[in-house]
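Notes to accompany the following structure.
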Amino acid sequence: AQTVTQSQPEMSVQEAETVTLSCTYDTSESDYYLFWYKQPPSRQMILVIRQEAYKQQNATENRFSVNFQKAAKSFSLKISDSQLGDAAMYFCDLWEGGSEKLVFGKGTKLTVNP
Amino acid sequence: DTGVSQNPRHKITKRGQNVTFRCDPISEHNRLYWYRQTLGQGPEFLTYFQNEAQLEKSRLLSDRFSAERPKGSFSTLEIQRTEQGDSAMYLCASSLGQGLTFSGANVLTFGAGSRLTVL
């Protein structure tokens with residue numbers, strides 16, 4: 001069964017600094033996608049970044065980038081130049097080929113200190 | 001189109017009562033998902049529709065839960081004889097899928113959720 005583990009329940013970062021959120025996953029499929037979603041307080045979940053498993057190149061979206069280590073089944077999110085608006089719950093998610101659902105980790109609460 | 005809309009945003013009910021939540025997806029999206037999120041946890045999959053067909057249901061969806069999407073547009077999630085353990089945020093999401101096969105283009109757009117409190 002697919003699982004997603006986020007080992008950091010909470011993280012904090014100073015504004016303008018860089019922070020890395022960790023995620024490991026387990027799947028027996030060779031075809032899958034990995035996502036990071038962000039859930040700000042009392043607001044809806046939004047997609048931050050997506051990585052296709054078959055692509056070796058790490059995905060990047062402006063200040064957000066991932067470190068995808070396929071053999072280690074690791075998928076960390078790096079946020080550069082952190083902003084106050086980055087404060088949120090961050091969920092690491094797995095979507096397997098042949099499945100039709102996202103499997104979520106338990107989330108990491110990110111606090112950005114001014 | 002203002003995104004995925006969920007109503008009501010908050011519902012407080014007494015144990016044993018029935019509740020219904022509504023989700024209006026993005027109009028061109030053919031796929032619709034329901035998730036449940038309890039405090040301190042990530043969302044858990046409940047069920048999924050492709051147009052009006054309910055294609056997958058989680059074992060979390062007991063007999064007291066029923067979901068419909070009668071015309072392939074909005075969806076309702078009904079919980080009968082609510083229990084305190086049903087207290088959670090119920091999230092709806094939609095996406096534009098391509099047929100019944102897996103597609104990495106299936107990026108989900110989530111609604112703000114409907115929070116249920118069962119007293």
Most exposed to least, judged by fewest other Cβ atoms within 10 Å, A:Phe68, A:Phe91 sort to A:Phe68, A:Phe91
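Per residue, what volume in Å³ does the convex hull of the Cα atoms of chain A enclose? Mind showing how you got there, number by number?
Numbers: hull volume 10.8 nm³, N = 114.
Considering the Cα atoms of chain A, their hull volume per residue is 94 Å³.
Taking the Cα centre of chain A as origin, work out the dipole magnitude from +1 charges on Lys and Arg Cβ and -1 charges on Asp and Glu Cβ, in debye rounded to 20.
Here chain A has a charge dipole of around 80 debye.
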Taking max minus min of the Cα coordinates of chain B on each principal axis, largest first, gives extents in Å of 41, 29, 29
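Here are some pairs, A:Lys78/A:Lys101; A:Lys38/A:Lys70; A:Lys101/B:Lys14; A:Lys38/A:Lys101; A:Lys78/B:Lys57; which of them have Cα atoms lying more than 28 Å apart in this structure? Don't skip to the end; give the middle numbers.
Details: A:Lys78/A:Lys101 25 Å; A:Lys38/A:Lys70 22 Å; A:Lys101/B:Lys14 31 Å; A:Lys38/A:Lys101 17 Å; A:Lys78/B:Lys57 34 Å.
Over 28 Å apart, Cα to Cα: A:Lys101/B:Lys14; A:Lys78/B:Lys57.
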In a Gaussian network model of chain B with springs linking alpha carbons closer than 10 Å, the residue among B:Ala93, B:Ala67, B:Ala53 that fluctuates most is B:Ala53
Connecting every pair of Cα atoms under 10 Å apart in chain A and solving the GNM, the largest mean-square fluctuation among A:Lys78, A:Lys38, A:Lys70 falls on A:Lys70
With Cα springs under 10 Å, the Gaussian network model of chain B assigns the largest mean-square fluctuation among B:Gln17, B:Gln84, B:Gln41 to B:Gln41
Looking only at aspartates and glutamates whose Cα falls under 19 Å of A:Lys73's and that sit 8 or more positions away or on another chain, we get A:Asp26, A:Glu29, A:Asp31, A:Glu52, A:Asp93, A:Glu96
Residues meeting the amide H criterion for B:Thr47 (H placed from the backbone, H to H distance under 5 Å, 5 or more places apart or on another chain) are B:Trp34, B:Ser58
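Read-outs: derived from the displayed coordinates by stated rules, not from any lab. Every value quoted in this text rests on a predicted model; they were computed, and no experiment measured them. When we count neighbours, we look across all protein chains shown, and the Cβ atoms used for this are built from the backbone with ideal geometry, even at glycine.
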